[in-house]
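Read through the structure below, which is laid out as structure tokens, and then see the notes.
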Amino acid sequence: MRTLFVTGPGGSGRTTIAAATARAAAAQGLRTLLLGSQAGPVDGVTVRTIDSAAHFRTELLALQDRAGAALDMFGAQRLDDDELTPLPGAEELALLTALRDAHRGEAHDLVVVDLPPTEKALATLALPAQLRRYVRRLLPPQRQAARALRPMLAQLAGVPMPAQWLYESAAQWDAHLAGVQSVIESEHTAVRLVAEPGPAGVDAMRSAVKGLALYGLPVEALIANRVLPKDSADPWLAGLAAQQDKALAEWRTDRLPVAEVAHLGHDPRGTDDLAALAVPAPRPVPRPASWPITDRLADDGILEWQIPLPGAVREELDLVRRGDELVITAGEFRRIVPLPSALRRCTVAGAGLKDGGLGIRFAPDPGLWPRA
């Protein structure tokens, strides 16, 4: 099953394009699910909206039930369904859960996911890996080895052991997040970007492409939405069209796979307008290969890790090594990645930008690297 995430700046028309993309896929005979969209019915497509408030209440009440013995021991007063309101992050978690469930259950060829605006969308896609890291740091899996002793300790003490349900919940969350992460990182997953051509759109797309590269997500297409006719006799419209042409040229110079969608002259409504947009059907795209390590040991005793970061500038980059992890910051985006095993035995010797990529140099640590 393929997954296509659709995102773009606020007001770019990404929800309409997501619906039109799903319709185009269904027209080619693909069994298509449109997830998270508020676009309404779409011909030939299964559309599923997400009730994040209901999901939040269900999950919190279930957690409260699992922790019931510990809560009672501490004299906690339980929460009722009608007093629960979603907390920040509930919408993202509900969307990710629905995505995981879609891949576990029904038979579809393609899942089109209508994501929030770009910056929030990238934060949502990064969430499973980040939460898994937090859970494992706070509740390391290796400490669960003594789980078999906890029922015995609970009987001896005469009270329930809170750590038991805590570690069980952590294990359940890790499995849940791992399922979502596997979908996001699948070779069958890509992103379709939507933007209106213009100066703001150019800046937004360069930022988005950089963030997607940092997280290893391929761009399937950049949909240039609401493109104006180029032969207008109206000087005002002609000026806007010329500005759009300049943006389109910049996107193509940046080697982005651009597809133009004409302005209909009105806001799209209904299935006829979705068809009139003539949005191209999604196509499979290869996922970028793993970040390669260049072996220069024979020449200068250095290993270099190559990380593609198109559009990045030196002033917005920051690198911090924390144990066996590397914290990479590129503008507003940050990712914490585990070092490959060979690089864990090295020290960071420097870094530099070249041809749209970040090269991080590592020198073998004599105390850890095997001698020739």
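Here R226 meets each of (1) modelled with pLDDT under 95; (2) basic (K, R); (3) surrounded by 16 or more Cβ atoms within 10 Å (Cβ to Cβ) with one exception, condition (1). Taking the listed residues A289, A312, A298, the one that is part of a loop (DSSP other than H, G, I, E, B), loosely packed, with under 12 Cβ neighbours inside 10 Å and among the small types (G, A, S) is A289, with no other qualifying. Against the conditions (1) at pLDDT 90 or above; (2) out of contact with any helix residue (DSSP H, G or I) (no Cβ under 8 Å at 6 or more places or on another chain), V42 satisfies every one except (2).
Here's the yes/no breakdown for (1) in contact (Cβ under 8 Å) with a residue 24 or more places away in the chain; (2) out of contact with any strand residue (DSSP E or B) (no Cβ under 6 Å at 6 or more places or on another chain):
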residue	(1), (2)
T3	yes, no
S12	yes, no
T16	yes, yes
A26	no, no
L30	yes, no
G36	yes, no
A39	yes, yes
T49	no, yes
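Every test in (1) farther than 24 Å from E168 by Cα; (2) assigned to a helix (DSSP H, G or I); (3) at pLDDT below 80 is passed by L71 save one, and that test is (1).
A single entry from P308, P282, P235, P218 fulfils the requirement of being at pLDDT 90 or above and outside the structural domain of D43 (by TED's automatic domain parsing): P308. Do the conditions hold for R206, that is, is it of a type in the set (D, E, K, R), within 30 Å of H108 (Cβ to Cβ) and either in a helix (DSSP H, G or I) or modelled with pLDDT of 75 or more (or both)? Answer is no for this residue.
Each residue in the range 315-334 was checked for being touching a residue at least 24 places away in the same chain (Cβ under 8 Å) and part of a loop (DSSP other than H, G, I, E, B), and 2 of them qualify.
The values are calculated or read from the model by the stated rules, or taken from the named source; none is laboratory data. The structure presented is a predicted model; accordingly, all values stated were derived computationally and were not measured. Cβ atoms come from the backbone with ideal geometry, glycine included; neighbour counts cover every protein chain shown.
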